[in-house]
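The structure appears below as structure tokens.
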Amino acid sequence: MRIVVIMPGDGIGKVVLPEALRVLDKVGFEAQYVHADIGWEFWCNEGNPLPERTLDILKEHKIGLFGSITSKPKDKAAAELSPQLRDKGYVYYSPIVGLRQHFDLDICMRPCKAYPGNPLNFVRRSGDEIVEPPVDVVIFRQNTEGLYSGVEWTDPPESVRNALGTHKKWGRFDDVPGPDLAISCRIFTRPACRRIVTKAFEHAKKFGYKSVTVCEKPNVIRETSGMLQAEAQAVAKDFPDIALWSTNIDAQMMWLTKNPDDYGIIVAGNMFGDIVSDGFAGLVGGLGFACSANIGTEVAIFEPTHGSAPKYEHLDPPIVNPIAMILSACMMLDHLGETEKAGRVRDAVGAVIKEGKVRSYDMLRLTGGPQVLRQGAAGMTEITDAIITNL
């Protein structure tokens with residue numbers, strides 16, 4: 001029997017994660033679930049949103065399902081610490097970023113697949129004809145480097161300023177006072193670039209995608225984007241049947257709203273991968289349908305990409321869309337080799353969406369709140385029940 005670490009986290013994470021477990025049970029996935037602490041409560045009361053005990057549990061069991069997290073700017077985070085912890089040097093860091101860094105979960109996969117019948121899907125209009133193109137894109141986002149490496153300063157120390165001063169373009173910043181200077185480093189390493197590009201090509205080959213697109217900005221960010229692109233060109237030689245394309249992130253955001261069905265696999269650094277994956281998610285229903293995987297060499301954690309939406313946590317009955325969480329559980333099943341079960345769940349989700357009788361408030365483009373149930377939206381439990389019925 002598998003052991004899966006469950007981390008509901010904050011807000012609606014506590015609401016949607018149990019729905020995914022209901023679906024996993026119904027599809028016949030046998031597992032023991034071990035709870036682990038993570039999130040805002042533990043920041044406020046312990047000064048650490050990612051307790052060491054949670055790291056120990058994940059190190060032991062390797063597989064995690066994660067709900068959602070609340071994250072706030074450092075001044076607001078400091079203000080919400082318990083009084084006895086204030087002014088003691090505690091600094092808030094995102095626990096999901098912490099998990100990625102601690103376990104080197106360097107591969108982030110974000111599938112963006114349109115389910116026919118979803119009223120939120122991207123459509124094209126040509127005269128009186130409306131066409132719903134088959135958007136099916138998987139973004140491979142480098143998860144631990146880039147702008148999320150965490151190497152940054154406000155008022156950088158003299159040693160940092162001196163090192164940067166050796167660069168010929170630093171001169172215009174030399175007279176900026178330290179408190180007025182903030183620096184974030186965008187760090188790429190060749191092994192990490194090669195690993196994520198290789199995983200992207202392997203996924204394309206396994207699932208029949210015809211192209212891999214490097215989405216970066218090598219014409220301006222020449223060194224880091226250039227390294228990722230160079231590694232892609234080297235890896236592509238081992239996959240002659242898969243086309244290698246290159247796009248700039250700004251142009252890509254325009255093209256994805258014109259011809260999103262042209263793309264298959266997209267690979268990018270952390271920030272650009274985050275941007276383009278949210279862009280594609282918007283074409284297939286939004287964050288209520290956006291799932292993801294964080295995969296390292298030993299540990300893997302699966303999560304929806306939506307936030308914690310705390311204002312919806314205590315609504316009774318709950319109204320949030322559980323599909324992103326359920327599809328994240330499907331990615332876990334795939335990772336564990338349970339592809340038949342994952343396929344059955346995805347088919348059930350697709351059947352519910354196509355039938356159109358049970359739709360969440362976001363699918364109906366309603367403003368969230370308890371009134372949506374009176375306006376024809378299905379509640380969270382009703383949506384899960386419909387998926388289970390289709391299983």
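Here, each number is a calculation from the coordinates, and none is a lab measurement. Computed from a predicted model, the values in this text were never measured in an experiment. Methodologically, a virtual Cβ is constructed for each residue, glycine included, from the backbone with ideal geometry; neighbour enumeration extends over all protein chains shown.
In the list ASP155, ASP136, which residue meets the criterion of being more than 23 Å from TYR263 (Cβ to Cβ) and surrounded by 10 or more Cβ atoms within 10 Å (Cβ to Cβ)?
Working: ASP136 fails: more than 23 Å from TYR263 (Cβ to Cβ).
Going through ASP155, ASP136 in turn, just one is more than 23 Å from TYR263 (Cβ to Cβ) and surrounded by 10 or more Cβ atoms within 10 Å (Cβ to Cβ): ASP155.
THR166: of a type in the set (Ser, Thr, Tyr) and either under 30 Å from the mean Cα position of the chain (by Cα) or surrounded by 15 or more Cβ atoms within 10 Å (Cβ to Cβ) (or both), yes or no?
On the way: of a type in the set (Ser, Thr, Tyr): yes; either under 30 Å from the mean Cα position of the chain (by Cα) or surrounded by 15 or more Cβ atoms within 10 Å (Cβ to Cβ) (or both): no.
Answer is no for this residue.
I need every pair where a residue in the stretch 335-362 that is assigned to a helix (DSSP H, G or I) has its Cβ under 6 Å from the Cβ of a residue that is of a type in the set (Ser, Thr, Tyr), sequence separation at least 6 or different chains.
Taking only residues 6 or more apart or on different chains, the pairs are GLY350/TYR115; ILE353/TYR115.
Out of the stretch 299-334, which residues are of a type outside the set (Gly, Ala, Ser), outside any loop (DSSP other than H, G, I, E, B) and under 16 Å from the mean Cα position of the chain (by Cα)? Walk me through it before giving the result.
Going residue by residue through the stretch 299-334, those that are of a type outside the set (Gly, Ala, Ser) are 299, 301-306, 310-323, 325-327, 330-334.
Retained after the next criterion (residues that are outside any loop (DSSP other than H, G, I, E, B)): 301-304, 310-312, 323, 325-327, 330-334.
Selection gives ILE301, PHE302, GLU303, PRO304, ILE323, MET325, ILE326, LEU327, CYS330, MET331, MET332.
Tell me whether the stretch 128-139 contains one or more residues that are in contact (Cβ under 8 Å) with a residue 12 or more places away in the chain and more than 30 Å from LEU366 (Cα to Cα). Break it down stepwise before answering.
Taking the stretch 128-139 as the starting set, the residues that turn out to be in contact (Cβ under 8 Å) with a residue 12 or more places away in the chain are 132-139.
Checking which are more than 30 Å from LEU366 (Cα to Cα) leaves us with none.
No, the stretch 128-139 contains no residue that is in contact (Cβ under 8 Å) with a residue 12 or more places away in the chain and more than 30 Å from LEU366 (Cα to Cα).
Would the stretch 85-103 turn up any residue that is surrounded by fewer than 18 Cβ atoms within 10 Å (Cβ to Cβ), in contact (Cβ under 8 Å) with a residue 60 or more places away in the chain, of a type in the set (D, E, K, R) and closer than 23 Å to GLU303 by Cα?
no
What residue, of VAL91, VAL131, VAL123, VAL137, is aliphatic (A, V, I, L, M) and touching a Phe, Trp or Tyr at 6+ places or on another chain (Cβ under 7 Å)? Steps first, answer last, please.
Working: VAL91 fails: touching a Phe, Trp or Tyr at 6+ places or on another chain (Cβ under 7 Å); VAL131 fails: touching a Phe, Trp or Tyr at 6+ places or on another chain (Cβ under 7 Å); VAL123 fails: touching a Phe, Trp or Tyr at 6+ places or on another chain (Cβ under 7 Å).
Step by step, each of VAL91, VAL131, VAL123, VAL137 is checked, and only VAL137 is aliphatic (A, V, I, L, M) and touching a Phe, Trp or Tyr at 6+ places or on another chain (Cβ under 7 Å).
So for the stretch 143-152 (the condition being assigned to a helix (DSSP H, G or I), aromatic (Phe, Trp, Tyr), crowded, with 17+ Cβ neighbours inside 10 Å and under 32 Å from the mean Cα position of the chain (by Cα)), does at least one residue qualify? Quick ask: steps written out before the conclusion?
Step one: filter the stretch 143-152 for residues assigned to a helix (DSSP H, G or I), giving 147-149.
Subsequent filtering for residues that are aromatic (Phe, Trp, Tyr) retains 148.
Checking the rest, the ones that are also crowded, with 17+ Cβ neighbours inside 10 Å come to 148.
From what is left, the residues that are under 32 Å from the mean Cα position of the chain (by Cα) are 148.
Yes, that holds for at least one residue.
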